[in-house]
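The values are calculated or read from the model by the stated rules, or taken from the named source; none is laboratory data. Here the structure is a predicted model, which is why all the values come from computation and not from measurement. Positions of Cβ are generated from backbone atoms using ideal geometry, with glycine treated the same way; all protein chains shown enter the neighbour counts.
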Amino acid sequence: MFMFRTAIVAAVAIMLMPTEEPGTATLTASPGAANGRTTTFCERNPSSCAAGAELWATFVKKSEVAFALGVKYVAEQIVKPGERGAAAPLAISPAVTRSPAAIRETPPASPQPRTQPARGTLTAQDTTPAWRGPPARTAAQ
């Protein structure tokens, strides 16, 4: 099905291609012109560029605050309900304090022995069948 859809899209794209020389020249010149207009936008419109930079800075600040609130909320939800008052607040630092090389060189902590939880609540009496069919016949019977 994917190949069929791809073939249909390719056929439509080929059908839309120009066949005359002026149309082909326009088609090849358009990406270069668009690139030139995009790269010189700030030179032609300095006030729009300044407003965009201000908007971007505001967006970045708001996203940092939203991220910090989200991390704080998740950290509070991870703490068990009985330990709400005992948990230390989570410190959010934008900078990494250890380099990746230092993290790789840190030896792994020794694993703590894991205790297996009980696997179900059924007793031996619960697992024995209540009824069995007649015994299977053998060739001698």
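Out of Ala57, Ala136, I need the residue that is at pLDDT 80 or above and outside any loop (DSSP other than H, G, I, E, B). Which one? Working first, answer last.
On the way: Ala136 fails: outside any loop (DSSP other than H, G, I, E, B).
It is Ala57.
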Just the residues that are at pLDDT below 85, surrounded by 10 or more Cβ atoms within 10 Å (Cβ to Cβ) and in a helix (DSSP H, G or I), please, taken from region 1-32. Gly23, Thr24, Ala25, Thr26, Leu27, Ala29, Ser30
